[in-house]
1. What longest range of the chain stays clear of loop-exposed chymotrypsin sites (Phe, Trp or Tyr not before Pro) (DSSP non-H/G/I/E/B, at most 13 other C-beta within 10 angstrom)?
2. With Rg and the Kirkwood Rh both taken from Cα atoms, where does Rg over Rh land for the range 107-236?
3. Take the Cβ-Cβ distance between L94 and R162 as r, set R0 to 25 Å, and report the resulting FRET efficiency rounded to the nearest 0.05.
4. Give me the distance between the Cα centres of the range 197-224 and the range 27-44, rounded to whole Å.
5. Relative contact order for the chain: what percent, with Cα pairs under 8 Å and sequence separation of 6 or more?
6. Nearest 500 deg cm²/dmol is fine: what mean residue ellipticity at 222 nm does the chain get from its DSSP H runs of n ≥ 4 alone, each adding -39,500 (n - 2.57), divided by its residue count?
7. Starting from the Cα of S33, step 7 Å along the direction of its Cβ; do the same at D253; then give the gap between the two resulting points in nm.
8. Using only the Cα atoms, work out Rg/Rh for the range 8-255, with Rh taken as the Kirkwood radius, to two decimals.
Amino acid sequence: MSNKCVTTSVLMKMKQDGQTITMLTAYDFTFASLLDEAGVDVLLVGDSLGMVVQGHDTTIPVTLHEMIYHGRCVVRAAKRAMVVVDLPFPHGQLGVRQTLRVAARVMKETGCTAIKLEGGAEQAETIHALVAAGIPVIAHVGLRPQSVHALGGYRVQRDGQRIAADALAAESSGAFCVLMECVPADIAADITRQLKIPTIGIGAGPHCDGQVLVTHDLLGLTVGRVPKFVRQFADLADAVRQSVSRYNESVRDGTFPDERESFQ
Ligand code: KIV
């Protein structure tokens, strides 16, 4: 990818040209700056921040105010990447008028380019209204974490017909991208072939038009269980533990701060 800013049409062109899209979660200015510099195409201010940043078991407790706060931190950092903000539970599920009001507020107050909402076929009318109002939408299908209790847990979604119907409905309602979570690779590949808009997968195999992970997972910073579909590209948790132990020792044995680190 060149240096120009990533827009919805850039992502569409990437699909047409067979260029794979990279998306990662970002919740704060520092990480967002690093990911943007490293050339990630899309920064997702995911409501996974409820688990990663806040320590909840699900994404359900995350508030609209919190999403807007984190969205603003990330938007300030992004120079090239597109920033997408999740609509938190239940704001994406409250019908056309309410969802439109909230999505417009998220865009206005964060400065993000697009929003993501969970659901496909049942969200068709809402997606259509958002797009008509100038709000680019990513539809999140397959495992929808905000419906974890209704789905009976975080498990692979195997109803290919339903997932395809959701993805196709999202596309025909005007969504510019479909995110598929925990979907068998062959189903995701089939849907990716059927859609003109790009698909981004998480636990959806290698044949999507792009991939997304929770940044803390890929960097080895996760506290607790790491899902099967994650590859850890670093062990930053260990680097943090070791650096902090060295800091503790240096403070306790009086070798930090030294003369160079002090004002005379
Ligand atoms: O909330 C989030 O971070 C997400 C990703 C896991 C895709 O939806």
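1. Values: sites that count: F233, F263.
The reported range is 1-232.
2. Details: Rg = 15.0 Å, Rh = 15.2 Å.
Ratio of gyration radius to Kirkwood radius for the range 107-236: 0.98.
3. It comes out at approximately 0.70.
4. Taking the Cα centre of each part, the range 197-224 and the range 27-44 sit 15 Å apart.
5. 15
6. Details: 11 runs with 110 residues, N = 264.
The helix contribution divided over the chain gives -12000 deg cm²/dmol.
7. Once both label points are built, they end up 3.2 nm from each other.
8. Here the Rg-to-Rh quotient is 0.99.
Since every read-out is calculated from the coordinates, none of them should be taken as a lab result. Only a predicted model underlies this, so the values are computations on that prediction, with no experimental measurement involved. Because the Cβ atoms are built from the backbone with ideal geometry, glycine has one as well, and the counts that use them run over all protein chains shown.
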